[in-house]
Amino acid sequence: MRFTHRREAVSAECDMTPMIDMTFQLIAFFMVLINFAEADQNQRIHLPTSQLAKPPEAPFEIPVTLHLTKDGTVIYAGEEVPLQQVEPLLRREKSFIERGLYGKHKPRDATVIIRADAEAKAGQVQELIALCQGLEFEKFALRAQQEEIQGGT
């Protein structure tokens, strides 16, 4: 008796489910990252407008964001404290930078981003800058909204 071996064509289909799952996980991951970037903005702060305001050309390497409310309190890392009590928070940030949390850097390498409310007093902004300078922070960026230029004909 003779047996013939039949070879059936094997389909070369692969299961795409893991690939699709991974793609959706990456999309969700990047959506969360984008939301964290927006977390630096506080809705209680209404920035002043200026025609000279422009977005930064590149993100800051070591950003330290301070929100100055119209009442003179400072919001930093989710904590709201009076302007006179922000120094311990900045000392803590300075120690993180010096210990190498962001790599080998010094406080002068960090950029202090000040988001002051339009109704905040200029003297309070100056006091906040002086406090930062006393802790060896040297770079500052003041935030403002870009004012629409009205074109008239």
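Overview of values
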item	result
So Glu79, is it modelled with pLDDT under 90 and under 16 Å from Ala116 (Cα atoms)	yes
Ile97 vs. criteria closer than 16 Å to Arg143 by Cα and in contact with a helix residue (DSSP H, G or I) (Cβ under 9 Å, 6 or more places away or on another chain)	no
Condition broken by Leu66, with the remaining ones in (1) out of contact with any Asp or Glu (no Cβ under 9 Å at 6 or more places or on another chain); (2) within 20 Å of Gln145 (Cβ to Cβ); (3) modelled with pLDDT under 90 satisfied	(3)
Lone unmet requirement of (1) at pLDDT below 80; (2) polar (S, T, N, Q); (3) farther than 30 Å from Pro82 by Cβ; (4) assigned to a helix (DSSP H, G or I) for Asn35	(3)
Matching residues, the range 89-118, being farther than 14 Å from Val64 by Cβ and either buried (at least 18 other Cβ atoms within 10 Å of the Cβ) or at pLDDT 90 or above (or both)	Ala116, Asp117
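The values are calculated or read from the model by the stated rules, or taken from the named source; none is laboratory data. Keep in mind that what you see is a predicted model, and the values were worked out from it rather than measured. Please note: Cβ atoms are built from the backbone with ideal geometry, for glycine as well, and neighbour counts cover all protein chains shown.
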